[in-house]
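Peer 1: Supplied in structure tokens, the structure appears directly below.
Values quoted throughout were computed directly from the atomic coordinates according to the rules given, and no laboratory measurement underlies them. Computed from a prediction, not measured in an experiment: that's the story for all the values here. Cβ placement follows ideal geometry from the backbone for every residue including glycine, while neighbour counts extend to all protein chains displayed.
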Amino acid sequence: MPSRPPQLRQQPARTTSNWDRRKSRHERGYGREHEAMRRVVLAEEPLCRLCRAKEPPQFTPSTIADHIRPKAEGGTDERENYQGLCDPCSKAKTARESARARRRAR
Ligand SMILES: [Zn+2]
């Protein structure tokens, strides 16, 4: 994967994003309601949605209630914006979203 020269990592973190990582999970909207939604999503989608979409499909248990459209990109907490994902798929999706966020911040 192409990356910027190492010396650029020394720059201070940008602070223009309103996605404030210093806030607690609760302040970011991951409180009790998220926990209830997580149970609903995992009950309805016991198998990872991205793994099932693979060719051939894989059947991996969902462990994460994922925001299909990230809250940092304007996603909602409605049921239709959630999907059940396994841990590796969730991490890969989060990494892609972080890369998008970094591009937006430039
Ligand atoms: Zn998966």
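Peer 1: How much net charge surrounds ASP66 when only the other residues with a Cβ under 9 Å from the Cβ of ASP66 are counted, with Lys and Arg +1 and Asp and Glu -1? It would help to have the intermediate numbers written out before the result.
Peer 2: Numbers: positive: ARG49, LYS93; negative: none.
With Lys, Arg at +1 and Asp, Glu at -1, the net is +2.
Peer 1: Please give the length that would be gained between THR94 and GLN58 if that part of the chain were fully extended, namely 0.36 nm times their separation in residues minus their C-alpha to C-alpha distance (nm, one decimal).
Peer 2: Between THR94 and GLN58, full extension yields an extra 11.0 nm.
Peer 1: Once amide H atoms are placed 1.01 Å from N in the peptide plane, what residues at a sequence separation of 5 or more from LEU47, or on another chain, have their amide H within under 5 Å of its amide H?
Peer 2: Long-range HN contacts for LEU47: SER62.
Peer 1: Calculate the FRET efficiency for ARG106 and ASP77 from the Cβ-Cβ distance with a Förster distance of 30 Å, rounded to the nearest 0.05.
Peer 2: In this case the efficiency is close to 0.60.
Peer 1: Now for a separate question. D for the range 31-105, whole µm²/s, Stokes-Einstein with Kirkwood Rh over alpha-carbon pairs at 37 °C and 0.692 mPa s: what number?
Peer 2: 257 µm²/s
Peer 1: From the phi of every residue in the range 71-84, what ³J(HN,Hα) in whole Hz does the Karplus formula 6.51 cos²θ - 1.76 cosθ + 1.60 yield, where θ is phi - 60° and glycine or proline is x?
Peer 2: Those phi angles translate into 4, 5, 10, x, x, 9, 9, 6, 4, 5, 8, 10, 9, x Hz.
Peer 1: Tell me the net charge near PRO46. Cut-off is 12 Å between Cβ atoms, PRO46 excluded, with +1 for each Lys or Arg and -1 for each Asp or Glu.
Peer 2: Net of charged neighbours comes to +1.
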